Every structure is written in structure tokens, then in C-alpha cells.
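The structure under discussion appears below in the form of C-alpha cells.
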Amino acid sequence: MRDVAVIGVGMHPWGKFPDSSITQMCRQAVEAALEDAGAEWPDVQAVSAGSSRFSGGKGWGLNGNDVVEDMGPTGVPVYNLSAGCAAGGNAFDIGHMLVSSGMYNMVLVVGGEKMPKGMIQLSGVDEETDPEYLRQIAVGMPGPAFWALLCRRRMAEHGTTEEQLADIAVKAHQISVHNQNARFRKEFTQEDVLNSALVSDPLHLYEICPVSDGAAAAILCSAEEARKRTTDPIWVAASAVATAQFDDGIPRGLASPAPADGHAYHSEALLAVESCYEKAGVSPKDVDLVELQDNTVYYELAFPEEWGLCEPGEAESLLERGETLPTGKLPINPSGGFLCFGEATTAMGMFQVCELTWQLRGQAGARQVPDAKIGLGQTLGLGSNASAVILKR
Amino acid sequence: MTTTKRVPVTEGLFEETAGGARLLGSRCATCNSTYFPKSPVCHNPKCNGSAVEDASFGPLGKLWSYSVQHYAPPPPAKFDEPYEPYTLGLVDLPEGLRVLGRMSTDNPNSLEVGMNVELVIERIHGDDDGNDVVSWMFRPA
Ligand SMILES: [Zn+2]
């Protein structure tokens, strides 16, 4: 397999943009990525795109085709990848493969999404054979409840306090004031967070990510192509996707196997991350920064422990000592994360590739992780999909 | 005089017996993996068999976690207007299942992770004909 470089990244700011179409938002991200790469649209030999559930794509998730039609039809091959909130990461994995395999020398990966207002219904299937549909009519479980159940369990197991949960949101917003692409760029106090509305107890409004519109893109190319265009490219050390294992204890549908030890962890995320460690020859202690999918503050505690980045039960003390800030020992979400950007579901994996690239280049300004060399990104989506990526300079 | 009927939210998921409420599911004849709702086959990748038989589960379990829902869930979930917060529970059954259900409790503050709970069949909302739509729930045992 050939080495693959990220030579250009671009992002449309995240937030609510009622006057912009998903096509316009993707175009802004793609044009920025092309410019960053010093490339022209006709140089792109293949497109790998996240399939949106909520916008564009002709109702078939053909979002890559929308981008090609808008940028100008060149006959370029398009791969549309559907993986829930992991679609952007999934598209990146395929884009990476298209270049590493030697099939193409330059590939565009893009994810864009415009989200409907309010809480979203996860599944699009209204049939009793669909476990998500059945779960909604027989029990009634709003999305945040899933995270709340995991979080409450952690509080019982590790003594995590409501104040510590709030401090994760405080930390995120402390960083996001320095990110011009963030939707929320306002500092919160612990009190502000705890006084925000309880959504699914113990989680407050400011402790879960809202839905946003957003788009992000990257240009991947072969080492040979990269050397023509830049002296210091960012390299894809590894990319992986995975799905869940049978008995990881995560509540999916109405019931799932209950591990005898009472544990629950996202096996799909762990498998993708571990696969990246192995492919990249990187151990958790080598990782300089992490962009993880913080749909809720809970994941910022659970994931680093599950992935061996810190010891089980250590996440709270790392947080309290400021070690998860960009200047700390284990910087987590130096972008501000999805707590501050909101989730534009199928763009999320590409959002992380952009942030990791800026950090590794040293272009992250006031949120820069000092001397960042190796960065890990991860997404998680419906259908037990997960993606992970390790970039290095 | 009218009588309020109890209408199950969907058929074939639960039953009320003399010994308490039961969830209706399946058990693999080969590896004993359990499923709720019923599954036509065993999904355990380590299992060589696939034949399953009907099985029922409950009423006792341990509360794995819980959460009070302060906002109304989006459709297709239904509830009585105006929306009143309800509590969700995740319960480990001794038959090897981690089951989601509503909690039957007036006082969510009294719930504790790890406590014993039992399965009950209770009203989750009304329907247009004035009937009680019932589903499975868990209450502290
Ligand atoms: Zn089996």
C-alpha cells in the first residue's frame, strides 16, 4: 500500500444557515480544500462523500454527485458512503483506500449536512420490524436518553459528579472562543451549565451537542503528488472503520446481551481505534491530541479510558488538572468539539480531519496543541458504525 | 358505564401471568443466547447453531441505569398531553438480557443503580378510543 498525504483541507463554518443550501456549503468547503492543496477541480480523480440522511443527495444519499454536478461534471467516479454519523469517517476511509491502493493519485473526500430542527428521530423506517421504531413506540426513548443511561452508570461506578460533567462543557467552550468555525463561541461557567435545562437526567442542555449545519472536505493524494505541491504534507498514518461486536453491553434496540461483568463499552469505536494503533504502529502514549465524537460530555470521560489513553477512572482527574486542554498532557477536542459545533452528522469525520491537519501543521492559533505530531480522530454512527483515523506530520 | 380497555402497545412482546409479567422472546437452542423481542435466528457469531425456541423472561432484574426524560420524545413515540417527564430504566435480567423499559415510580430520586426491580405491565398513554395503551415497565421490587 502507498503512503497517502492530506494536502488540503477546508471547512464551512458550523451552525444554522437557513439561507445556504447543502450544495453551497459543500462548495465552500471543497473550494477551500482545493485552494489549500494548490489544486484545481479537474485535478480530482475520484470523489468519496458521506451520504446525508437529511439533506440533498436526491433522497438516495447521492451527496457526492451533488458536489460533482455543482463543481462541474468531469466524469469523475463518485463513491457515496452511508454510515450514520460515521459517514464522513467512512468516506475518508474509502478515499484513503482509493489512493493507497494506487488506483488514483488525487481524491476529494467531502461531508456536508443540513439538519432539521430539534431532536431527531434516528431511524427513517416506520415499521415494527425496525428495532428503533419499536423502541420509540413501546418505550419512547429520546436520543439523549441513550447517553444519559451510560452516563448515570458511570456516575455510580466511578463517582463522577455533576460538577465534573459540567466542567467538560466549560472546557470545550473555553477553547471554542478561539475557533472561528465554531457555532458557539462563548465561555460558560460551571453554574451556567448546571443551570441549563435538564434534558435527560443527569445531562443538561449544554452537556449534549445540538444539531447543526456544516461541511468539511479534504484532498488526499499520493506521496509523489504531495511532494510536487508541498514540502511538509500531513500523512495518513492509519484509517479504519468497524462495526460493533455481539456482547459489548451497549443498549441497542429494545434489548441486548448483558455481559456478566455488567460492563458496557462501544466496541465499534474501540475496534476502529485499535486497528489504527496497529496499522500506524502507534501506541496510545504516542498520541498528542484526540478529536473524539463528543455527542455528550460522557464520551470525553469514557472513550480515552476505553482506548488506553488513560487508566480506567482517571479521566475525571485529568479533566480537573487541566490535562485535557490543548496545553495539557492529553488534549481532547482542541477544536472545541461537537459540544461547540453541534452535530452535522455526516460531516463529522471530515471535520476532525480538518482540525487534526491544522493542529499538526501548527495552524491552530490560540487553541494550538504545542508540538503536535500525532493526532487521533474518531466518529460513531447509527447501525453500530465507527471510524478512526491517525494523522501525523 | 364505560370500561377502559387495556390495549398492548404492540402484539407479541409481553404477557401477564399468575407469576408476574413476562417478556416474550427467544433462546438459542445451541448457545443459550437470549433475544427480546423474538428473533428467528441466533445472532451470536461464536455460535454454530441457529435454531431458536420461544422463551419468556422476567419478572425480576437489576437496574443497570436510569434517566428521567424532561423533554417529550420526537415521533413516533406517543405520550399523553401535556407531556409529563417519565423515567427510563435499563435492566439486566438473569436470563442474560439488558432490557430497556420505562420505570414505574413516583419518585425517581429513590432509584439506585444496582437495585432489584420487577417487570409490570402498565399504561404508557391513552388512545383515541379512551383505552389504556399498555407496555412493559420496571418498578422497584
Ligand atoms: Zn446461538
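Numbers at a glance
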| item | result |
| --- | --- |
| Sole exception among (1) more than 18 Å from A:Val99 (Cβ to Cβ); (2) touching a residue at least 24 places away in the same chain (Cβ under 8 Å) for A:Gly75, by number | (2) |
| Members of the stretch A:248-281 that are in a loop (DSSP other than H, G, I, E, B), touching a strand residue (DSSP E or B) at 6+ places or on another chain (Cβ under 9 Å) and open to solvent by 50 Å² or more (accessible area, probe 1.4 Å) | A:Gly281 |
| Meets criteria (of a type in the set (Gly, Ala, Ser), part of a helix (DSSP H, G or I) and outside the structural domain of A:Ala280 (by TED's automatic domain parsing)) for A:Ala39 | no |
| Flag for B:Ser67 being of a type in the set (Ser, Thr, Tyr) and more than 7 Å from every other protein chain (Cβ to nearest Cβ) | no |
| Selection from the stretch A:203-227 of residues that are of a type in the set (D, E, K, R) and touching a strand residue (DSSP E or B) at 6+ places or on another chain (Cβ under 9 Å) | A:Glu207, A:Asp213, A:Glu225, A:Arg227 |
| Among (1) open to solvent by 30 Å² or more (accessible area, probe 1.4 Å); (2) more than 30 Å from A:Glu40 (Cβ to Cβ); (3) not hydrophobic (A, V, I, L, M, F, W, C) - the single one A:Ser101 does not satisfy | (2) |
| Selected residue [open to solvent by 60 Å² or more (accessible area, probe 1.4 Å) and more than 16 Å from the ligand (Cβ to nearest atom)] from B:Lys46, B:Lys38, B:Lys62 | B:Lys62 |
| Qualifying residues in the stretch B:49-59 (those that are in a loop (DSSP other than H, G, I, E, B) and near the ligand (Cβ under 10 Å from one of its atoms)) - the one modelled with the highest pLDDT | B:Ala51 |
| Check on A:Met155, in contact with a Lys or Arg (Cβ under 7 Å, 6 or more places away or on another chain) and within 14 Å of another protein chain (Cβ to nearest Cβ) | no |
| Residues located in the stretch B:1-35, provided they are farther than 30 Å from A:Ala260 by Cα and outside any loop (DSSP other than H, G, I, E, B) | B:Arg6, B:Val7, B:Pro8 |
| Flag if A:Ile208 is within 14 Å of chain B (Cβ to nearest Cβ), closer than 26 Å to A:Val369 by Cα, open to solvent by less than 40 Å² (accessible area, probe 1.4 Å) and at pLDDT 95 or above | yes |
| Residue under evaluation B:Ala77, criteria (1) more than 16 Å from the ligand (Cβ to nearest atom); (2) out of contact with any Gly (no Cβ under 8 Å at 6 or more places or on another chain); (3) not in a strand (DSSP E or B), criterion not met | (2) |
| Subset of the stretch A:91-115 [within 14 Å of the chain's Cα centre (by Cα), closer than 27 Å to A:Phe17 by Cβ and assigned to a helix (DSSP H, G or I)] | A:Ala91, A:Phe92 |
| Subset of the stretch A:363-380 [in contact with a strand residue (DSSP E or B) (Cβ under 9 Å, 6 or more places away or on another chain), open to solvent by 10 Å² or more (accessible area, probe 1.4 Å) and within 16 Å of A:Asp294 (Cβ to Cβ)] | A:Leu380 |
| Pairs where the first residue, in the stretch B:20-31, is closer than 17 Å to B:Val99 by Cα and within 13 Å of the ligand (Cβ to nearest atom) and the second is among the polar types (S, T, N, Q) and assigned to a strand (DSSP E or B), C-beta under 6 Å, 6+ apart | B:Arg27/B:Thr34 |
| Tally, over the stretch B:5-35, of residues that are surrounded by fewer than 18 Cβ atoms within 10 Å (Cβ to Cβ) and facing another protein chain (nearest Cβ under 10 Å) | 4 |
| Selection status of A:Ala237, assigned to a strand (DSSP E or B), open to solvent by 10 Å² or more (accessible area, probe 1.4 Å), at pLDDT 95 or above and under 22 Å from A:Leu376 (Cβ atoms) | yes |
| Cross-chain or 6+ apart pairs with Cβ under 8 Å, the stretch A:250-266 first and free of Cβ contacts under 8 Å to residues at least 40 places away in the same chain, then of a type in the set (Lys, Arg) | A:Ala255/B:Arg98; A:Ser256/B:Arg98; A:Pro257/B:Arg98; A:Ala258/B:Arg98 |
| Given (1) away from chain B (no Cβ under 14 Å); (2) open to solvent by 60 Å² or more (accessible area, probe 1.4 Å), index of the condition A:Lys117 fails | (1) |
| Conditions (1) touching a strand residue (DSSP E or B) at 6+ places or on another chain (Cβ under 8 Å); (2) open to solvent by 20 Å² or more (accessible area, probe 1.4 Å); (3) more than 10 Å from chain A (Cβ to nearest Cβ); (4) within 15 Å of B:Pro140 (Cα to Cα); number of the one not met by B:Asn107 | (1) |
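The values are calculated or read from the model by the stated rules, or taken from the named source; none is laboratory data. Values in this document were obtained by computation on a predicted structure and should not be read as measured data. Note that each Cβ is placed from the backbone with ideal geometry, even for glycine, and that neighbours are counted across all protein chains shown. For the accessible areas, the whole protein counts, side chains as well, though only heavy atoms, and no ligand, DNA or RNA atoms are used. Shrake-Rupley method; radii C 1.70, N 1.55, O 1.52, S 1.80 Å.
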